[in-house]
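Each value in this text was obtained by applying a stated rule to the coordinates, not by laboratory testing. Quantities reported herein were computed from a predicted structural model and do not represent experimental measurements. Glycine gets a Cβ as well: all are built from the backbone with ideal geometry, and neighbour counts include every protein chain shown.
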Amino acid sequence: MRLTLPVLMVGLTGGIGAGKSAVATRLAELGAIVIDADRLAREAVATGSDGLAEVVAEFGPEVLAADGALDRAALASRVFGDDPARRRLEGIIHPRVRARTAELVAAAPPDAVVVNDVPLLVESGLNGAYELVIVVLADEDARVARLIRDRGMTPDEAAARIRAQATDEQRRAVADIVIVNDGSLEDLSRKVDEVWRERLASA
């Protein structure tokens, strides 16, 4: 069931290393209101929050760093490859992200283009919540190279992260708009500008 809101609700997704964040940045420059689900998820478990307390109660004090903040690497090691643990974590974070997203959408002007940057949109089955879904795709070799260069991953770590997510075919199946990011940042910006002109700004 799609949301019926006065703003244009757009879902933006793409696999790790595909360039989704660069697309989100360009859309914000063009005038979109971008809601970053990853940022909201970090806020949901910020130091001193109820969300962090619930994570610690679920996964133990070993997921805390010495300063009392969430040790993201420790938590990731607990849930990566463990579907029940991942679902328990999502059950803590996702309701908080949805509530904050609703607040931000409610505050948007009625003619706004609201872009929800949701890395796991396909995996979470959220495509039906948006009037348009934009999927950013890139060749796997290019994604691995970016993850090695930008995030310091090994080739095996990068490949494992990619394969833990939805496939490109699964993403294409829910996409209204596909942006292929196999070129330069300038090429990507031109593609985003075209999507903005032809599909978003006039909607």
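Observations on the model:
- Phi angles across the stretch 64-81 convert, under the Karplus curve 6.51 cos²θ - 1.76 cosθ + 1.60 with θ = phi - 60°, into 3J(HN,Hα) values of 9, 7, 4, 8, x, 7, 5, 8, 5, 5, 5, 5, 4, 5, 6, 9, 5, x Hz, Gly and Pro given as x.
- Debye intensity ratio in log₁₀ form over the Cα atoms of the chain, taken at each q of 0.08, 0.15, 0.17, 0.18 Å⁻¹: -0.29, -1.02, -1.26, -1.35
- Annotation: the antiparallel percentage among DSSP beta bridges lying fully within the chain is about 5.
- Segments 60-72, 123-135 sorted - mean Cβ within 10 Å per residue, highest first: 123-135, 60-72
- Protection-proxy order for peptides 12-21, 30-39, each taking the mean of Cβ atoms within 10 Å per residue, highest first: 12-21, 30-39
- Global form of the stretch 128-197, assessed from the alpha-carbon gyration tensor, a/c cut-off 1.5: oblate
- Computed per residue of the chain from DSSP H runs no shorter than four, each worth -39500 (n - 2.57), the mean residue ellipticity at 222 nm is -15000 deg cm²/dmol.
- Phi-based couplings in Hz for the stretch 157-174 (Karplus 6.51, -1.76, 1.60; Gly and Pro marked x): 5, 5, 5, 5, 5, 5, 6, 7, 9, 4, 7, 4, 5, 5, 5, 4, 5, 10
- Dipole size of the chain about its Cα centre, with +1 on Lys/Arg Cβ and -1 on Asp/Glu Cβ: approximately 200 debye, rounded to the nearest 20.
- Nearest-20 debye value, the stretch 103-203 charge dipole, Cβ charges on Lys, Arg, Asp, Glu: 120
- Solution diffusion estimate, µm²/s, Stokes-Einstein, the stretch 38-110, Kirkwood Rh from C-alpha pairs, 37 °C, viscosity 0.692 mPa s: 254
- Short-range pairs are left out: with C-alpha atoms under 8 Å and at least six residues apart, the relative contact order of the chain is 38 percent.
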